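Here the structure comes first, spelled out in structure tokens, and everything after it is commentary.
The values are calculated or read from the model by the stated rules, or taken from the named source; none is laboratory data. Note that this is a predicted model, so its numbers are computed, not measured. Backbone-built Cβ (ideal geometry, glycine too); neighbour counts: all protein chains shown.
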Amino acid sequence: MLFLLLFTVVMGSAHYYVWRRAVRNTTAPGRARRIGTAAVVGLFALMIAGLLVETPVLSWPGYIWLACVFYLAVVFGVLEIPRLALNRTTRRKVPIREVASVGRASSSGDHAFRSSEDEARRADFRATSPAATEERQFNAGRRLFIARSLAVAGGVATAGIVGYGATEALSAPRIKTVPVNLTKLDRRLAGYRIAVVSDIHLGPLLGRAHTERIVRMINELQPDLVAVVGDLVDGTVEQLGEAAAPLRDLVSTHGTYFVTGNHEYYSGFEPWLAELDRLGVHPLRNERVRIERAGASFELAGVNDVTGTNFQDGPDFARALDGRDPASPVVLLAHQPVQAHEAAKHGVDLQLSGHTHGGQMFPFHLAVGLQQPVRSGLEVVDGVQVYTTNGAGFWGPPVRVGAPPDISLVELHHNFASR
């Protein structure tokens, strides 16, 4: 409820701003303005309905409009400076000679006029003269022309951005190959490949076909192991069990492992954990397994998402990592990159995460850094290598700008230079 209230206030303000720039500033009082106002109010209601009533009929147009109003507000904000500059530089004033004539007339008729009275006469003339009327009409027309021109420019730019972003979001995820050097890795494990996928977000906009495409793409990579690092679903098993069913077809040498994301806790995490286990996707709930190949091994651990703390199912790093062989490398599955700070205290070598969507819609990229230490890609956090995938789906608007979806193939290599 708190999120919905905050969302309504923020998006209500965005709609009001868009209404001022696209409707109020471009129309005179009357029928056209009433129609424009009704359209903005109706689209706001559609957006809220799409968020609350999770059906494709409402969700698709509601979320598309959410992206549109967001980018309209951003684009109009960028256009504020040229709008103010154009309104100032194109303003017409009453010719100074006509104003000066008032002073001459007053001097010839009454030499006793004080300068302040002359200024008042000049002001009255400026306000009532035919030239002043022409000035007001000209300036009003120019402001209207500028407002309409910028509104059209903003609309065209927004349509282009949202269209491009929708194409990116709905296209097949890109395959990223990510080599990672681990000092402790046995040379016999060099080249071990982990397919990492996150933030699939099955729900009202993404269903079974989305899962089938991801499964097909992962199987084509022929990985040694598959890691699903959270936010698989936005709905219950009853609603989305059929959409998730293709996960049973994932094929790899050492199986598929899963850790919870924050959205699993909003969707009923316990039924989902049971369903995934039934599909052959093994949840790692604050635990680890040993992965062996050619007589060598490493530890694969998984911790619950931090949101689980509110559901008595939070992360427990000690349970997952204590008592292991410190000479053996450990790869940790954790939904949020921020969990690397705690992972560093337990000697984790590599953490695989998602959650950020790579920012999903620019300029949200800038806000991700306020909460997470890694937005996208491979970085080092407190001595731990952290790889964050952009995710294979989307949340909210079916739009990605500057953060295309991906499935990552992490290749483990022995760091020869360190020994």
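Side notes on the structure shown:
- Flag if LEU46 is loosely packed, with under 15 Cβ neighbours inside 10 Å and in contact (Cβ under 8 Å) with a residue 12 or more places away in the chain: no
- Tallying residues that are modelled with pLDDT under 95 and touching a strand residue (DSSP E or B) at 6+ places or on another chain (Cβ under 6 Å) within segment 322-340 yields 2.
- Criterion applied to VAL226, VAL197, VAL237, VAL251 was being of a type outside the set (Asp, Glu), out of contact with any Gly (no Cβ under 9 Å at 6 or more places or on another chain) and at negative phi, and the one residue passing it is VAL251.
- If you filter segment 259-290 down to residues that are buried (at least 20 other Cβ atoms within 10 Å of the Cβ) and small (Gly, Ala, Ser), you find that the one that is farthest from LEU352 (Cα to Cα) is SER267.
- Odd one out for VAL401, checked against (1) in contact with a helix residue (DSSP H, G or I) (Cβ under 9 Å, 6 or more places away or on another chain); (2) among the hydrophobic types (A, V, I, L, M, F, W, C); (3) farther than 29 Å from MET11 by Cβ: (3)
- Of the helices (runs of 4 or more DSSP H) lying entirely inside segment 1-80, not one is found with 3 or more residues being in contact with an Asp or Glu (Cβ under 9 Å, 6 or more places away or on another chain) and among the charged types (D, E, K, R).
- Answer residue from segment 247-258, given it is among the polar types (S, T, N, Q) and surrounded by 16 or more Cβ atoms within 10 Å (Cβ to Cβ) and is nearest to the chain's Cα centre (by Cα) among those: THR256
- Output for segment 264-298, where each listed residue is within 29 Å of GLU242 (Cβ to Cβ) and in contact with a Pro (Cβ under 8 Å, 6 or more places away or on another chain): LEU273, LEU276, ASP277
- Annotation for segment 89-101: at least one member residue is β-branched (Val, Ile, Thr), outside any helix (DSSP H, G or I) and either modelled with pLDDT under 85 or in the same structural domain as PRO204 (by TED's automatic domain parsing) (or both).
- Residue match in segment 245-262 (condition: touching a residue at least 60 places away in the same chain (Cβ under 8 Å), over 17 Å from ILE194 (Cβ atoms) and of a type in the set (S, T, N, Q)): yes
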